């Protein structure tokens, strides 16, 4: 299954300081100036087959959003413990006993294609 | 008590039903007739389950006749946001990728409505996967604000706010990830609560951002919200983040409506600049009403709230990009084959399907989230946002040492016109500036109508925020404020909304 948690990012570039704008960290500048190739790469990682017109539109929009959200770095976050969840998380377990669950027919009811009580999917490997 | 069944509150309907002065079938039919008359204009529903609702109503009427002890809200109809899985009823989340999907199971919230004997009228419209503040991002067309059909009903839960504001249902289920219950309530003159995170089960709620999402009630009165909150809430073993404690005493608090001696904190960062004059004026009056009711007002500062929007728009897309990875064209939902390929791979089918099935805003946020989580950027962006989230939670903790509840206007403006912000994502995101901090910290919040803004005659909302697990304070303060506002208006604010399709409504004869 494709992951949307990429482990690499291509297309990193160095960008010099821009005149007339507040000084921002180099990485932040790069982020705000996402290129069309960057967006195409991200769309690939996210498994969305964007058209050329969509890519063109999204580059500009993402640039504006990224510049705005990048301001999180200006908060006094030095040494602050990151918070991933609003409540303390505890692991929840239950007794290991069988309980009612969906039958195969119900589970497959929404499948685009099913065969022999299984999800039928396109090929997942190249043929050669 | 009003005799128009479509305008009656859920509490009044429950009363009439228990006294045998009306039947659930009569109420359900009246609401369905109202939908026939007005929803062509409002478009609050994506799906109406006429037969299912009437079947439940008939069953409840028969059981009541037989003398069975029923839940207080038995027979009172409700609408459900289309993000909640409903067995046998379409659930699209406002997206083409789920068009025609019929879930094989019920969300826990839906199970509880059914256990209480509440007829489910239908599924309400929303921005696709709850991403938006206007319903303009619904793949099935926007919902219109009953106050002005040229204006947005808020979002993402604009269908749920409009359905109660247009008297098609006394109650609706909403979900709130950054304000999607409270902002729609504010711009439609209705009431909405986002409970404490974990207070209502998320099982069967199609996740947008799992650490922020929370379902809650959408109603026309504070007491109705409390009654529905009580039905929806409580521990669920199927949701590992569900709080294992009884539902706070929200109904009792709403009935008591007592704020004497309470400290009400005005959040300095959520007033004044950036808020429409009429919205601010109605908020100031609301504060004065609370003072008149015996509360004490203090000013509190939450300096990190100014960074909440930025943190939210890193955390939400990050979680959403992960949650929406499940729409892979393999097990349910849309499958689109890429053009020009004889034997496409699963990956190519997935990419073609997600391009065809997701709308612009969903794609934008998935790609933004994919980027924020990328190696090399993770610490700088997602990591920084998580630290800001901590600062916001700390701000709340300090503020709640000085005040029992916090108050602010719910949204910076009244309802805007369709198209005004659709091409400017950042302007759209700013609608949630006052509601987002509560989701980041997990604390409960409520919006209730504060009046009409002078400049445009449209509803404004007052937001109340309470510490985690102290949801009952929202209802104590909300009910006290509502009482005084109703007295000053001489009746419900929605009584001043223009009549919808009056001619057609009359000819249908409810």
How big is the protein assembly as shown on each of its three principal axes, counting only the C-alpha atoms and giving the largest first in Å? 74, 62, 55
Would you please put B:374-382, B:200-208, A:80-88 in order of how densely packed they are, using the mean number of other Cβ atoms within 10 angstrom per residue and starting with the highest? B:200-208, B:374-382, A:80-88
Rel. contact order, % - alpha carbon contacts under 8 angstrom, at least six apart, segment B:262-407: 38 percent
Run the numbers on segment A:26-72 and let me know its relative contact order in percent, using alpha-carbon pairs under 8 Å that are six or more apart. 55 percent
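Using Cα-Cα distances under 8 Å and only pairs 6 or more residues apart, what relative contact order does chain B have, in percent?
Relative contact order comes out at 18 percent.
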Using alpha carbons only: equivalent-ellipsoid semi-axes of segment B:22-70, gyration tensor based, whole Å: 26, 10, 7
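Please list B:210-216, B:153-159 highest first by mean number of surrounding beta-carbon atoms within 10 Å per residue.
Details: B:210-216: 25.1, B:153-159: 35.7.
Order by mean packing, descending: B:153-159, B:210-216.
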Taking 1 over the mean of 1/r across every pair of different Cα atoms in segment B:235-287, what Kirkwood radius in Å do you get? 15.0 Å
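Per residue of B:303-310, what is the mean number of Cβ atoms on other protein chains within 10 angstrom of that residue's Cβ? Show your work: numbers first, answer last.
Details: counts 2, 4, 0, 3, 8, 2, 4, 9.
Across B:303-310, the average partner-chain Cβ count within 10 Å equals 4.
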Unit-weight point scatterers at every alpha-carbon of chain B, Debye formula, q = 0.08 1/Å: log10 I(q)/I(0) is -0.45
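Assuming a ≥ b ≥ c are the square roots of the Cα gyration tensor eigenvalues, decide whether segment B:92-227 counts as rounded (a/c under 1.5), prolate (otherwise, with a/b larger than b/c) or oblate. Don't skip to the end; give the middle numbers.
Numbers: a/c = 1.36, a/b = 1.10, b/c = 1.24.
Rounded.
Could you tell me which of rounded, prolate or oblate describes segment A:26-72, using a ≥ b ≥ c as the square roots of the eigenvalues of the alpha-carbon gyration tensor, with rounded for a/c under 1.5 and, failing that, prolate when a/b is larger than b/c and oblate otherwise?
Prolate is the answer for segment A:26-72, as a/c is 1.5 or above and a/b outweighs b/c.
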Helical mean residue ellipticity (222 nm; -39500 (n - 2.57) per DSSP H run of 4+; nearest 500) of the protein assembly as shown: -11500 deg cm²/dmol
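Classify segment B:1-124 as rounded, prolate or oblate from the Cα gyration tensor: take a ≥ b ≥ c as the square roots of its eigenvalues, call it rounded if a/c is under 1.5, otherwise prolate when a/b beats b/c and oblate if not.
On the way: a/c = 2.42, a/b = 1.46, b/c = 1.65.
Oblate.
So for segment B:372-473, what are the equivalent ellipsoid semi-axes in whole Å, largest first, each being the square root of 5 times an eigenvalue of the Cα gyration tensor?
On the way: eigenvalues 150, 111, 14 Å².
Listed largest to smallest, the semi-axes of segment B:372-473 are 27, 24, 9 Å.
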Just how far, in whole angstrom, is segment B:113-177 from segment B:1-20 if you go by their alpha carbon centroids? 22 Å
Need the C-alpha centroid separation for segment B:45-84 versus segment B:290-354, integer Å. 32 Å
Could you tell me the center-to-center distance, by alpha carbons, between segment B:193-231 and segment B:370-439 in angstrom? 19 Å
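Here, each number is a calculation from the coordinates, and none is a lab measurement. Keep in mind that what you see is a predicted model, and the values were worked out from it rather than measured. As a convention, Cβ positions derive from the backbone with ideal geometry for all residues, glycine included, and neighbour counts pool all protein chains shown.
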